[in-house]
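Colleague: I'd like to ask you about the structure that follows.
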Amino acid sequence: MPENNASKALFSLDDIDRVIHSPARLMLMKLLYVLDGADMVFLKSETGLTWGNLSVQVKNLEDAGYVVVDKEFVDNKPHTVVSLSKQGRVAFKAYSDRLREILS
Amino acid sequence: MVHELKVLERRIATRYMEDGFWDMYLGLMALAFGLTIFLDVSYLTGVMVAIGYALQRIGKSLVTFPRIGYIKLRKARKSGMVALLSGVLVLGLMIFMLFMLGEENPVRAFVLQNMLFFIAFIWGGAIALAALSFNIKRFYVYALLVFFAVILSDLVGILGLNLIVAGVMIILAGLLVMLRFIRKHPIISGLD
């Protein structure tokens, strides 16, 4: 890669999505990307995050408009179901494309 | 990345088969067919399959979801599973139609001559397809068990009895899988 392009690519790391870039949120986004929705128990068991941390990370993603949190009843039992919004799906795709571009 | 995501999706779907409930449901179906043939009670299969499905749902709700959580699979994967089941049904229907065609149909005569082999092949094949789709090795064993339970009925016993034995064996295996699942995944209590 010529020097100009290399510095340009490094410089452009600035435009990477910081909301997704944190390890915990990236794990959550990746899990939700392959599903239509999952409850907090599933997200906790898959990521190994504490309840507190999980709630904070989900709230951050919700504030960014990347996930939607709903209360659903499955077999008469309440489940807090988190799913990726359309915006979140687009953002994750753009993030993964950008990361691949940088690493390649 | 796309490949990795597909692997992740498949791993998650497979994880939900590790609770043993589908094993027990499959075993119950074999048992139901066996009892239907053995006792000659035509409605037994329908009743047992419906009860088994309800029990499977309740089991998932009481055992699986509190341990590994509740998920909604992507519509594409659901469609894939429906397509798989539909394919098996269509295959069965096609063979049935061939079987129904005119008296002098050579296919009909061939199917009639090898009826047990066809039943064993369709049933065992459907279970093997599920094993392949979900990457669950023990389902291959069930496929072989059901295949031989049907095909050997001419040699070593009555068809119904063979299926009853195979069904009970699969149910017991499912129970062991469920116990292992419960030991491996304690209930996660907290937010939900």
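Colleague: Pairing the Cα long axis of helix B:115-134 with the longest principal axis of chain B, what angle in degrees results, from 0 to 90 and rounded to the nearest 10?
Modeller: The angle comes out at about 20 degrees.
Colleague: Also, I was wondering about something else. What is the order of A:40, A:27, B:115, B:178, fewest Cβ neighbours within 10 Å to most?
Modeller: B:115, A:27, B:178, A:40
Colleague: In addition: Determine, for B:3, A:79, the number of other Cβ atoms within 10 Å of each Cβ, and report the residues in order from fewest to most.
Modeller: By the 10 Å Cβ count, ascending, the order reads B:3, A:79.
Colleague: Can you show me the helix-derived [θ] at 222 nm for the protein assembly as shown, built from DSSP H runs with n ≥ 4 at -39,500 (n - 2.57) apiece and divided by the number of residues, rounded to the nearest 500.
Modeller: My calculation for the protein assembly as shown gives -23000 deg cm²/dmol from helical runs alone.
Colleague: So what's the angle, to the nearest 10 degrees on a 0 to 90 scale, between helix A:51-63 and the longest Cα principal axis of chain A?
Modeller: Rounded to the nearest ten degrees, it is 60.
Colleague: Another question, if that's okay. Measure nothing fancy, just the Cα-based angle from helix B:21-39's long axis to the longest principal axis of chain B, in degrees from 0 to 90, nearest 10.
Modeller: 30 degrees
Colleague: For B:10, B:183, which order do you get if you count the other beta carbons within 10 Å of each Cβ and list the fewest first?
Modeller: Ascending Cβ contact count within 10 Å gives the list B:183, B:10.
Colleague: Continuing with this model, one more query. Normalised by the number of residues in the range A:17-103, what is the relative contact order in percent for Cα pairs under 8 Å and 6+ residues apart?
Modeller: Rounded, it is 32 percent for the range A:17-103.
We did not get these values from a lab; they are worked out from the coordinates using the rules stated. All of these numbers come straight from a predicted model, not from anything done at the bench. All Cβ positions, even for glycine, are placed from backbone atoms using ideal geometry, and neighbour counts span all protein chains on display.
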